[in-house]
Amino acid sequence: MKHIMRLTTGLFLVLILTLVGCAEPEDDTAVDEPAPPPEPESVTWRFALEEIEGSVQDAYAQEFARRLNERSDGRINIEIYPYGAIGTSSQITEMMQSGALELAFASPGHLADAIPEVGVFTLHFVLSDDSEINRQVLSDPRLHELFHAPYRDEDLELLAIVQEGWMVWSGDKPLRTPEDFEDFRIRTMTSPILVSSYEAYGANPTPMPYAEVYSGLQLGQIDGQVNPIFAIEEMSFYEEQDYLTSGRHAQFVATVAASRQWWDGLSDEKREMIEQTRDEMVEWIDREQIRYNEERLQVILDAGGTEFVELTDEEREVFRELSMGVRDIYVDQAGERGQEILETILDLVEEYAGE
Ligand code: 6CS
């Protein structure tokens, strides 16, 4: 495997980052309280990734850091910690919740353990087949508003929802029908709703952290996994797999989150700079992720030994029907707020499709 996860080093870093937290002073001033100390000339914020250098999340963080630095005339600096520098996705989220990290990516496939409502992004056939429509839906303020409370309840602030590419199934055979999935040990991210999605297809889902997938494939603990193409290439999963099957059943969706404690302590000026930068990056990151996925597919095909298979509309329809019952499991777990989120996404998809 090209990239060895340095989790031991990560533990040291967790300790150091916890000790040197750099929250900003509160901006709200009660009339008879002493004036807050002036804002520091320059600040350094930490941004942790669930993906390695060269990934879509890395591209986002690098560009976000560059634009914020420029917008703030060099006063805002961002240090980026790629996957492996700190810990698993769940550990990164916990650090952000405790205020030891300012910013991080948090994928619903892991985060739904803590925030069941985000499990909506792990359901199949909810978003459009058209990624341009999905980009508009995922950046719509009406959707963001519904996630505000669930994130705040878990000491997080939602900043952005980003699609990173179509999820693709990899295995030692094409996965065209539910019969192909029969007892197929497919690795999933750790949230329970993903397990239900693959049980509905007759598979044997096996949740595990990202860092263990390559060795899981190599040692035969799992038969396959599911991820966007850029990740299958950069994590070398394709080296252990003969087929990639694309059913366009779901986008890999990630969220950019902030520590609630840190966010609440920021000045209005800094919060606005972050929000403007976030808004201006919506189209940029979407173009980048499309390019990354196209280019990496070519790298995989050029290496030889892995075939790319696309499901027909009829084949997709069988999976779509099987996936419908999982929506009820999601609503059971995520309650009324989850139901409203699911309905809003379905409505927004129709609205942006002009239906
Ligand atoms: O499969 C996973 O666990 C991971 N996949 C991607 C593309 N990003 C982060 C996530 O943890």
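The values are calculated or read from the model by the stated rules, or taken from the named source; none is laboratory data. Predicted model only: the values in this text are computed from it and were never measured. Every residue, glycine as well, gets a Cβ built from its backbone with ideal geometry; the counts of neighbours run over all protein chains shown. SASA here: full protein model, heavy atoms, side chains in, ligands and nucleic acids out. Shrake-Rupley method; radii C 1.70, N 1.55, O 1.52, S 1.80 Å.
Do we find a residue being touching a Pro at 6+ places or on another chain (Cβ under 9 Å), under 23 Å from Ser89 (Cα atoms) and without any contact (Cβ under 8 Å) to a residue 60 or more places away in the chain anywhere in the range 118-133? Scanning the range 118-133, I find no residue that is touching a Pro at 6+ places or on another chain (Cβ under 9 Å), under 23 Å from Ser89 (Cα atoms) and without any contact (Cβ under 8 Å) to a residue 60 or more places away in the chain, so the answer is no. Looking only at residues in the range 260-315 that are under 18 Å from Arg66 (Cβ atoms) and β-branched (Val, Ile, Thr), which one is most open to solvent (accessible area, probe 1.4 Å)? Across the range 260-315, the extreme among qualifying residues is Val282. Being small (Gly, Ala, Ser), under 22 Å from Ser191 (Cβ atoms) and surrounded by 13 or more Cβ atoms within 10 Å (Cβ to Cβ) is a property that Ala353 lacks.
Being of a type outside the set (Val, Ile, Thr) and either touching a helix residue (DSSP H, G or I) at 6+ places or on another chain (Cβ under 8 Å) or modelled with pLDDT under 95 (or both) is a property that does not hold for Ser267. For the range 50-68, the set of residues classified as in contact with a strand residue (DSSP E or B) (Cβ under 6 Å, 6 or more places away or on another chain) and over 16 Å from Ile161 (Cβ atoms) consists of Ala65, Leu68, listed by residue number. The listed residues are Thr88, Thr93, and the only one of them that is at pLDDT below 95, within 16 Å of the ligand (Cβ to nearest atom) and within 19 Å of Met208 (Cβ to Cβ) turns out to be Thr88.
Taking Val120, is it at pLDDT 95 or above, more than 16 Å from the ligand (Cβ to nearest atom) and crowded, with 24+ Cβ neighbours inside 10 Å?
The answer is yes for Val120.
Here Gly305 fulfils each of the conditions (1) in contact with a helix residue (DSSP H, G or I) (Cβ under 6 Å, 6 or more places away or on another chain); (2) at positive phi apart from (1). Close Cβ contacts (under 8 Å, 6 or more residues apart or on different chains) running from residues in the range 277-295 that are more than 13 Å from Gln136 (Cα to Cα) to residues that are modelled with pLDDT under 95 comprise Ile290/Ser131. The one condition from (1) within 12 Å of the ligand (Cβ to nearest atom); (2) over 23 Å from Glu310 (Cα atoms) that Thr188 does not meet is (2).
The residues on offer are Leu244, Leu297, and the sole one that is within 22 Å of Trp166 (Cα to Cα), part of a strand (DSSP E or B) and over 19 Å from the mean Cα position of the chain (by Cα) is Leu244. Here the range 199-213 is the region considered, the condition is being more than 11 Å from Thr188 (Cβ to Cβ) and in contact with a helix residue (DSSP H, G or I) (Cβ under 6 Å, 6 or more places away or on another chain), and the residue that is farthest from the ligand (Cβ to nearest atom) is Gly202. Residues satisfying the criterion are present in the range 284-291 (criterion: among the acidic types (Asp, Glu) and assigned to a helix (DSSP H, G or I)). Figure legend. Inter-residue proximity from the range 236-264: first residues farther than 24 Å from Ser170 by Cβ and among the acidic types (Asp, Glu), second residues assigned to a strand (DSSP E or B) and open to solvent by 10 Å² or more (accessible area, probe 1.4 Å), beta-carbon distance below 6 Å, spacing 6+ or different chains. No pairs are indicated. Of all residues in the range 142-151, none are surrounded by fewer than 24 Cβ atoms within 10 Å (Cβ to Cβ) and part of a loop (DSSP other than H, G, I, E, B).
Among what's in the range 163-190 and is closer than 25 Å to Asp286 by Cα and out of contact with any Leu (no Cβ under 7 Å at 6 or more places or on another chain), pick the residue that is most open to solvent (accessible area, probe 1.4 Å). Applying the filter and picking the extreme gives Trp166.
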